[in-house]
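The values are calculated or read from the model by the stated rules, or taken from the named source; none is laboratory data. Computed from a predicted structure; not experimentally measured. When we count neighbours, we look across all protein chains shown, and the Cβ atoms used for this are built from the backbone with ideal geometry, even at glycine. Side chains included, ligands, DNA and RNA excluded: accessible areas come from the protein's heavy atoms. Shrake-Rupley method; radii C 1.70, N 1.55, O 1.52, S 1.80 Å.
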Amino acid sequence: MHLLFKCVGSRNIWSIWNAYYSVNHILDGYQDIKEVIFKTLKVLQHEDASLFDCIIWSIWKQRNNKIWKEVIDVQGFVFDRAKSLLEDWKAARSIQGSTVRREYPAYNVKWIKPRSERFKCNIDTAFSETENLVGIGMCIRDENDHFVLARTDCFSPMCEVHVGEALGLLSAMD
Amino acid sequence: MLQLGTVDFEMDAKRVVDSINSSHTDVTEYGNIISNCKTLFSQFYENSCVEFVRRQTNEVAHSLAKAALSLASFQILVTIPNCIEHILFNEMQ
């Protein structure tokens, strides 16, 4: 909620958009981010609603760029990117008769084996709200990327995500 | 305790990795777990590191954690469990 709507940077981005003035009162009426988004979508015209979604996406993208790539997107750019995303989408949809071809970006995010004479231990935590459980998984592989050992552990009750993840690490080290 | 050589840890929880690598301490439950990890780390994993990785590279552990939710108790698996067999295979280099 803070990130998308209340943060000063995000408010500046929203203020660039004229249609926002007709809906910004919704922000004050609701606490829950889901409610804010869906109430806003109901009020807006089709075209504005599409742009609203794109702006949210673009703000989230700004956040990801900052965290993962250490790139800072200026606020005007964030708004323009939302607009061009929508325009590109519409342009792509309007091309008739063309075959749909999907291209995936050449992302090279792959697990990398440990350096020589070392082992690597991957750790993760999963949460089940319905069963009130936290699951911990870890797997050790060697320098030849061969499986050495895996461990699972499970406990109740549920806890906050960062607490659960920290317990995962503790369990792996212990 | 793992009776192995040097082990490096990888996880996709950025907050935890940042906490481990920072000298900041706090008295919350979370802070307490982190300081326990740091103690173990300094005693047994002197030459190791705890690194942040993207979720996409941590799929093996993710699948095991999900599987752990339906396993009644703590388990040590010395043969490759079914749920991660295909991921391990894909990640072979």
query = Between the helical axis of B:59-68 and the dominant principal axis of chain B, each derived from Cα atoms, what acute angle in degrees is found, rounded to the nearest 10?
reply = 90 degrees
message = Taking the 0 to 90 degree range and rounding to the nearest ten, how far is the long axis of helix B:29-44 tilted relative to the main principal axis of chain B, both from C-alpha atoms?
response = 80 degrees
request  = Return the percentage of antiparallel bridges among DSSP beta bridges fully within the protein assembly as shown, rounded to the nearest 5 %.
outcome  = 70 percent
ask   = Top to bottom by accessible area (1.4 Å), largest first, where do A:Arg81, A:Arg115, A:Arg141 land?
value = A:Arg115, A:Arg81, A:Arg141
request  = Just tell me which lysines come within less than 26 Å, Cα to Cα, of A:Lys61; anything on the same chain fewer than 8 places away is out.
outcome  = A:Lys6, A:Lys34, A:Lys39, A:Lys42, A:Lys69, A:Lys83, A:Lys90, A:Lys110, B:Lys14
ask   = So how much accessible surface do A and B hide from each other in total, probe 1.4 Å, in square angstrom to the nearest 100?
value = 4800 Å²
task = Place +1 on the Cβ of every Lys and Arg and -1 on the Cβ of every Asp and Glu in the protein assembly as shown, take the dipole about the Cα centre, and give the residue among B:Ala72, A:Gly137, B:Phe44 whose Cα lies farthest towards its positive end.
result = A:Gly137
query = What base-10 log of the normalised intensity I(q)/I(0) is obtained for chain B from the Debye formula, alpha carbons as equal point scatterers, at q = 0.25 Å⁻¹?
reply = -1.33
ask   = How far, in degrees from 0 to 90, does helix A:33-43 lean away from the longest principal axis of the Cα atoms of chain A, to the nearest 10?
value = 30 degrees
query = How many nm separate the modelled label positions at A:Asn65 and A:Lys110, each set 7 Å beyond the Cα in the direction of the Cβ?
reply = 2.9 nm
inquiry  = Can you classify the stretch A:18-151 as rounded, prolate or oblate using the Cα gyration tensor, where a ≥ b ≥ c are the square roots of its eigenvalues, rounded means a/c under 1.5, and otherwise it's prolate if a/b beats b/c and oblate if not?
reply    = prolate
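From the helices alone, meaning DSSP H stretches of at least four residues, give me the mean residue ellipticity at 222 nm for chain A, per-run term -39500 (n - 2.57), in deg cm²/dmol to the nearest 500.
Dividing the helical sum by the residues of chain A leaves -14000 deg cm²/dmol.
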Surface accessible to a 1.4 Å probe, B:Asp18 within the full protein complex, Å² = 80 Å²
key: For chain B: relative contact order, % (alpha-carbon pairs under 8 angstrom, 6 or more apart)   = 35 percent
query = Evaluated at 25 °C with a viscosity of 0.890 mPa s, what Stokes-Einstein diffusion coefficient in µm²/s does the protein assembly as shown have when Rh comes from the Kirkwood expression over alpha-carbon pairs?
reply = 114 µm²/s
